[in-house]
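The values are calculated or read from the model by the stated rules, or taken from the named source; none is laboratory data. Given the structure is predicted, the values throughout are model-derived calculations rather than measurements. Cβ coordinates were reconstructed from backbone atoms using ideal geometry, including for glycine residues, and neighbour counts include every protein chain displayed. SASA here: full protein model, heavy atoms, side chains in, ligands and nucleic acids out. Shrake-Rupley method; radii C 1.70, N 1.55, O 1.52, S 1.80 Å.
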Amino acid sequence: MHRTPVARTLPDFPWDSLLEAKARAQAHPDGIVDLSVGTPVDPVAPHIREALLSVADQPGYPTTHGTLALRTAAAEALHRRYGVTGIDQATVLPAIGTKELIAWLPRLLALGPGDTVVIPEFAYPTYEVGALLAGAEVIRSDGVFALGPQRVGMIYLNSPSNPTGRVLGVEHLRKVVEWARERGVIVVSDECYLGLGWDTDPVSLLDPRVCEGVFDGLLAVHSLSKTSNLASYRAGFVTGDPELISDLLEVRKHAGMMVPLPIQAAAAAALSSDQHEAEQKQRYRHRRDVLRSAVEAADFRVDHSEAGLYLWASRGEPASDTVAWLAERGILVAPGHFYGPRGAEHVRIALTATDERIEAAAKRLAA
């Protein structure tokens with residue numbers, strides 16, 4: 001039998017290339033400060049853990065569509081937190097973490113060979129992986145008007161951006177929506193960092209100022225990993241165009257893509273309360289202030305980074321040199337080229353470490 005393993009059609013897993021730098025950083029006398037991955041380190045709020053346990057004794061299968069409580073909580077949270085109106089709870093679809101959703105979205109929406117998926121110039125690697133899994137082509141572009149004659153099937157937006165922290169304004173988003181609707185193109189907005197604006201207030205693709213309350217062709221992806229510290233729970237959801245959500249629901253039913261019931265209960269609790277998110281945002285704000293001051297004092301230039309969980313920083317040298325320089329000081333970061341060729345002189349520095357580790361990094365940079 002002759003076959004091409006799917007893994008061979010995908011890029012190398014980027015984090016494997018950091019093993020040497022990680023070993024060097026771990027050798028620091030005071031231990032590693034790992035700022036390479038945006039993994040939450042703070043505890044899950046008690047009311048979320050209680051919700052998880054409240055249904056832990058229920059043995060039946062969960063539904064792919066999710067509980068009414070979860071869908072309603074998600075719709076209400078989008079309205080309450082971000083001013084998104086008109087979301088019908090029936091158009092909320094839970095996901096087993098948003099990375100899973102993003103990786104399979106092009107395929108589940110029937111994109112394939114001959115189609116083009118547009119991703120940002122600097123992009124979360126899973127956007128490209130999802131397109132490749134579907135057999136589609138990938139174009140990196142931050143604008144739509146220079147795309148040319150390609151048969152574009154889907155555009156990914158990410159605001160606030162991972163890795164840069166850049167925020168797209170209302171007018172930019174409106175223009176993308178108008179362009180896409182004229183051509184029947186699906187727009188998917190990854191809004192996992194929407195609640196983490198620092199110097200500006202990020203806007204959802206589904207904000208009435210952007211789409212005028214019409215969700216046709218639009219999908220917004222939301223995660224509870226960052227703002228609610230639920231990365232280990234794998235809890236997220238997608239909402240928007242009722243027809244697209246219906247298509248996704250039917251396929252995911254067949255594929256058994258069900259979020260476990262205890263996770264659904266926890267997600268509903270997280271979406272029904274804003275206090276724990278406000279407290280977590282303040283933790284990240286403090287860490288950002290400490291780390292940004294130290295990075296800039298160490299002669300780094302910080303670009304964008306007006307929102308999100310990362311500093312997009314450069315010393316004006318190859319990113320691999322910067323990674324090595326920081327590793328010698330026991331600090332591990334991600335090189336910018338993980339996120340696109342134009343990131344060759346930047347590194348992404350995560351804010352997701354304890355206060356003690358952030359302070360340690362700041363002291364090492366000062367030295």
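Some values worked out for this structure:
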item: Centroid-to-centroid separation of region 1-71 and region 150-208 [C-alpha atoms, Å]; result: 24 Å
item: Charged-residue dipole, Cβ positions (Lys, Arg, Asp, Glu), the chain about Cα centre, Debye nearest 20; result: 420 debye
item: Virtual paramagnetic centre 7 Å along Cα→Cβ of Gln282, amide N under 17 Å, in region 328-367; result: 355
item: Mean ellipticity per residue at 222 nm, deg cm²/dmol - from DSSP H runs of n ≥ 4 across the chain, formula -39500 (n - 2.57); result: -12000 deg cm²/dmol
item: Spatially proximal lysines relative to Lys253 (Cα-Cα < 28 Å; intrachain offsets below 8 disregarded); result: Lys99, Lys226
item: Average accessible area per residue (Å²) across the chain - probe 1.4 Å, nucleic acids and ligands excluded; result: 43 Å²
item: Among Tyr124, Pro59, Ala367 the positive-end extreme of the charge dipole of the chain (Cβ point charges); result: Pro59
item: Model label zone, Glu356; criterion: amide N under 16 Å from point 7 Å along Cα-to-beta-carbon; scope region 20-34; result: 29-34
item: Portion, in percent, of the accessible area of the chain that falls on carbon or sulfur, probe 1.4 Å; result: 52 percent
item: At R0 = 41 Å, FRET efficiency that the Cβ-Cβ distance of Gln150 and Asp57 yields, to 0.05; result: 0.20
